[in-house]
Every structure is written in C-alpha cells, then in structure tokens.
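> My structure is below; once you've seen it, I'll send some questions.
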Amino acid sequence: MDFEFIRAYAPLYASAAGLTLTIAFFGILLSVVIGLLCSLVKIFKIPVLTVIVNGYIEISRNTPLLIQLFFLYFGLPKIGIVLSSETCAITGLAFLGGSYMAEAFRTGIEQIPKIQTDSGLSLGMTGLQIFRFILLPQAIATSVPVFCANIIFLIKETSVFSAVALADLMFVAKDLIGIYYKTDEALFMLVISYLLILLPVSAFCTLLERRVRYAEFGNSNPVSGK
Amino acid sequence: MQNLGIQILFQGNNFLRLWVGLWVSLKLAVISMFFSICLGMLFGMVMTSTNKLVRFFCRLYLETVRIMPQLVLLFLVYFGAAKHLNVNLSGGTAAVLVFTFWGTAEMGDLVRSALESIPVHQYQSGYALGFGKIGVYRHIIIPQTIRRLLPSMMNLLTRMVKTTSLVVLIGVIEVVKVGKQIIDASRYTVPDAALWVYGVIFIMYFAVCYPFSRAAALLDKKLRD
C-alpha cells in the first residue's frame, strides 16, 4: 500500500464525495417531495391522478436506475432535451426515489387501523384534524424505518452516476486504476469514502428508529419492538 | 424522422439481438439467485442461533454487504481479484460471485425474519406432539416459512435483475452494450437511434420485472387475508 499516493489523491476523493453527497441531497429532497405528493394522491384517491401515480410507481420501481439514466442522458437529447450530467443524475435519482418514498409514506398511513379514523370522526374532528392529529404522527413513526432504508438505498444508488460522465467516487477510482495501475490504493480509498459517508447515516438511522418506536401505537415494549 | 427512428429496431435482427443481450444479464441474475437461495436458507438458519458470537458475525456480514454499494463490491472483486489472487475473472464470473455474496446476505435476513415470525408455540406444540427437532422443522416450520418467504423472495429476484444491469460497467457484453453497438453502427443513417434503443431497453427491463413484482404483491395480499 502506497500511502504517499493515498495522501496525494485524497483531495480528489474528497471533492468526488462532496459531489456525490450534493447530488444525493438534492435527489433525496426531490424524491421526498414527489413521494409525499404521490402518497397523498393515493390516499385521497384523486380520480385521474391515481392512475398516473400508480403507473409512475410501477415503472420507476421495475426498472434499474442505470437504464433510466442512459435513457435520460443519451436518449432524450435526440428529441432536443439536453440535460447536463448533474441534472440528469438528480432527475434520475428523484424519479427512482419518488416511488420508494411514496410507498413508504402510504404504507405508514395505511397501517393505522380504520377504527382510529372512525373514532376521530365520532369525536367530531374534521378530516384535516384527523389527518393532522391522529394519522400523521403515527404515520411518521411507522414509516421512519423504511424511510431511512430508502435514504441509504438512494445514496448507494448514486454509485452508478459515473456512467453518465459525472466525476463521482467510482469515476475517480476507475480513473486512478486506469492511469496509475494503483488498484489497491484506489479501491481502498473508494471503500473508505463510502464507509465514511454511509456509516454515520446508518448509525443515525438506527438511533432515529429507536427513538420513534416509542411513539408506535400499542407498543408495550418499545426496545424489542414486540 | 419519427418513423425513421423506430425502424432501427426492426432492421436486420436488432430486436432479437437486444433480447439476447438482456438474456445475458438475466442469466447472471438467475444463477446468482439460485445460489443465493440455497446459501441464504442456510445463512438464515445460522442467523437465528442463540450464540452471541455467531450472531455478531452474521450481523457484521449482513451490515457490510448492506452498506457497500453493489457496484463497489463489483469493482473490488473484478479489479482486486485480478491483482491479488492472480486470477483473471471474467466480468460474468465476478458478477455471479458478488451478487451471490450480496443475495445470500439479503436472503438470509429474509429467512431469519420469516423463521422468527413463527410463534414459539408452534415449536412447542410440535415437541408436545412428540416430533423431534428435524420433524418440527420438516412438517411445521419450513412449510409455513416458505409461504411467508415467497413474496419477499420474488421482490429480491426483481432487485437482483435490476442490479445485474450494473455488469455493463465491468465490461460484460449485455443489453446496453448491444444497444450501443446498434446505435454506433447506425450513427449516420439513423441519428436518433439512441432514443429508441434506450427506450426499448427501458421497456424490456420493465416487462421482465413487472410480472414478478406484481406476483409478489398479489401473493403478499393473499397471505395477509
């Protein structure tokens, strides 16, 4: 292992990691927004939109991100829509993540027994109040684990962005292997970079999951979840 | 122009070539899935062990696999093995190794949660009826586990199919590569080929994955009722 080499090229990895994180941040933010909108459409069963949202969710969940990116990056310019690598990456990530987030929120709300809505109604609450005071707090608690898993999943998915000429971590690693044949060092730094990004996120998610378990309805033993 | 573009798919045997290309990555997915199911069943049973040390190592393996992007694992094996073990793995072999490694962990976790979701009294009633340990597993636990596993196993299969699309990045000639060949070959005659070719590849993946995820959803619903 050539540590001089590692020291020399660490800044390259740092900037690549920064890029990966920036894209992931915007992609995830957009996918949360899309997910919330889609889940609301599905929960309130808005006529035409439900069909569109269902179609979108199926398409986005059943195709690989890589193929979505290829279509966005190489296909769309042929009909005049030219996206930069960054826009393309964020769009792709939001397209993929939106459906996963939508499902997370929807199952969170649907897991709440119907009887709670009925009880709310019989107490004289309005639809909005029921949503605000009964459904939402519980839905947030139950969908946090899935939500966290989705965030980690989406950050991991950013590793394919090198395919659309974005200078992310994979791109840098591949470059260094190609130019200097320093396979060990390049791969070592690649693994370390991903660990540095993902371990804190994963640890934070575990903490968060433990916290929100207390809020789960009818959960007498919050720690074990049984 | 529009008509010209879509023509590219029906020129010669282009459409067939794309399917053959997709089959290359599907084959990798199916092989990895087969190994993952076999090894994952074993791993899942090991994971339910009460030994702290065993549990710790299982957890470590699962978390390692979960936290690393599959593409990074692919790179590690594809480039790393060539250098250290002095074996020149083809992209396909590296892919099967990595996806089995990944799939086993995921499958193991599914098996574990299915096993643990079966109430203790099922075991106890079995023992009370005079079954041995093997008898309890064979006649009571495994049939119930498999029923619970089927939907999540199908979901894992679609994930596997989606993940094998990554192999193009380590130089396996599969559907995207074939698509690129078609696009490059007709660069001058059909300038907007990329749109159609990538569009069709997109739809092809959907056509393969959708039935499985639909079946998984239906099974899941049937199981819950």
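> Tell me the mean residue ellipticity at 222 nm calculated for the protein assembly as shown from its helices only (DSSP H runs of n ≥ 4, each -39500 (n - 2.57), averaged over every residue, nearest 500).
-25500 deg cm²/dmol
> How big is the Cα convex hull of the range A:123-167 in projection, averaged over all directions, in nm²?
Taking the Cα atoms of the range A:123-167, their convex hull projects to 4.7 nm² on average.
> Would you calculate the separation in nanometres between label points at B:Ser113 and A:Lys114, each defined as 7 Å from the Cα along the Cα-to-beta-carbon direction?
Result for the modelled spin labels: 2.6 nm.
> Oh, and also: Can you bin the range A:1-107 into rounded, prolate or oblate? Criterion: square roots of the alpha carbon gyration tensor eigenvalues sorted a ≥ b ≥ c, rounded for a/c under 1.5, prolate for a/b above b/c, oblate for the rest.
It comes out prolate by the Cα gyration axes.
> Which angle from 0 to 90°, rounded to the nearest 10, does the C-alpha axis of helix A:85-110 make with the longest principal axis of chain A?
Helix A:85-110 sits roughly 30 degrees off the main axis of chain A.
> Counting only other chains, what is the mean number of Cβ atoms within 10 angstrom of the Cβ of each residue in peptide A:25-34?
Other-chain Cβ atoms within 10 Å of each residue's Cβ, averaged: 0.
> Over 28 Å between Cα atoms: which of A:Lys42/A:Lys78; A:Lys174/B:Lys162; B:Lys133/B:Lys221; B:Lys52/B:Lys133; A:Lys174/B:Lys177 fall into that group?
A:Lys42/A:Lys78; B:Lys133/B:Lys221
> Ignoring ligands, DNA and RNA, what percent of the 1.4 Å accessible area of the range B:67-225 is carbon and sulfur?
63
> Here's a follow-up. Label B:Phe15 and A:Ala203 with points 7 Å out from Cα along Cα→Cβ: what is the distance between them in nm?
Going by the 7 Å Cα→Cβ label model, 5.5 nm.
> May I pose another question? So, R0 is 41 Å and r is the distance between the beta-carbons of B:Tyr123 and B:Phe34; what FRET efficiency does that work out to, to 0.05?
0.90
> Put one equal scatterer on each alpha carbon of chain B, apply the Debye formula with no solvent term, and list log10 I(q)/I(0) at q = 0.07, 0.08, 0.10, 0.16 1/Å to two decimals.
Listed by q, the Debye log ratios stand at -0.32, -0.41, -0.59, -1.12.
> Now, a different point. Heavy-atom accessible area per residue, chain B, 1.4 Å probe: how many Å²?
The answer is 51 Å² per residue.
> Determine, for each peptide in A:159-169, A:84-94, A:115-125, the mean count of other beta carbons within 10 angstrom over its residues, then list the peptides with the highest first.
Put in order of decreasing packing, that is A:159-169, A:84-94, A:115-125.
> How fast does the range A:3-213 diffuse by Stokes-Einstein, in µm²/s, taking the Kirkwood radius from C-alpha pairs at 4 °C and 1.567 mPa s?
In µm²/s, the coefficient rounds to 67.
> Okay, moving on. Suppose R0 equals 45 Å. What FRET efficiency, 1/(1 + (r/R0)^6) with r the Cβ-Cβ distance, do B:Ile134 and B:Gln7 give to the nearest 0.05?
Calculated value: 0.10.
> So for the protein assembly as shown, what percent of the C-alpha to C-alpha distances run longer than 44 Å?
So the pairs more than 44 Å apart make up 17 percent of the total in the protein assembly as shown.
> Right, another one. Considering protein heavy atoms only and a 1.4 Å probe radius, which residues within the range B:142-180 exhibit an accessible-area decrease of no less than 50 Å² in the full assembly relative to the chain by itself?
B:Lys162, B:Leu169
> Can you work out the PRE-style zone for A:Ile152? Point 7 Å along Cα to Cβ, and I want the residues of the range B:147-177 with backbone N under 18 Å.
It comes to B:156, B:159-160, nothing else.
> For the B and A pair, go ahead and give the buried accessible area with a 1.4 Å probe, both sides summed, in Å² to 100.
That pair hides around 3300 Å² of surface in total.
> Just checking the protein assembly as shown: which Cys have no other cysteine's beta-carbon under 4.7 Å?
Lacking a cysteine Cβ partner under 4.7 Å: A:Cys38, A:Cys88, B:Cys38, B:Cys58, B:Cys209.
> Quantify how strongly other chains surround peptide A:151-160 by giving the mean number of their Cβ atoms within 10 Å of each of its Cβ atoms.
What the average comes to for A:151-160 is 4.
> Per residue, how large is the accessible surface of the range A:1-81? Use a 1.4 angstrom probe and give square angstrom.
Result: 51 Å² per residue.
> Carbon-plus-sulfur fraction of the accessible area of the range A:3-213, 1.4 Å probe, in percent?
Carbon plus sulfur share of accessible area: 73 percent.
> Residue separation times 0.36 nm, minus the C-alpha to C-alpha distance between A:Glu86 and A:Glu4: what's the value?
My answer for the length gained is 26.4 nm.
> Measuring from label point to label point, each 7 Å out along Cα→Cβ, what is the B:Gln144 to B:Ala207 span in nm?
4.2
> For Cα pairs less than 8 Å apart in space and 6+ apart in sequence, what is the mean separation divided by the residue count of the range A:3-213, i.e. the relative contact order in percent?
The normalised contact order for the range A:3-213 reaches 30 percent.
> Ignore the peptide's own chain and count Cβ atoms of other chains within 10 Å of each Cβ in A:77-87; give me the average, rounded.
Per residue, the number of nearby Cβ atoms from other chains is 2 on average.
> Could you pull the Cα extents of the range A:85-157 along its three principal axes, largest to smallest, in whole Å?
53, 21, 14
The values are calculated or read from the model by the stated rules, or taken from the named source; none is laboratory data. This structure is a prediction, so every number in the text was calculated from the model and none was measured. Please note: Cβ atoms are built from the backbone with ideal geometry, for glycine as well, and neighbour counts cover all protein chains shown. For the accessible areas, the whole protein counts, side chains as well, though only heavy atoms, and no ligand, DNA or RNA atoms are used. Shrake-Rupley method; radii C 1.70, N 1.55, O 1.52, S 1.80 Å.
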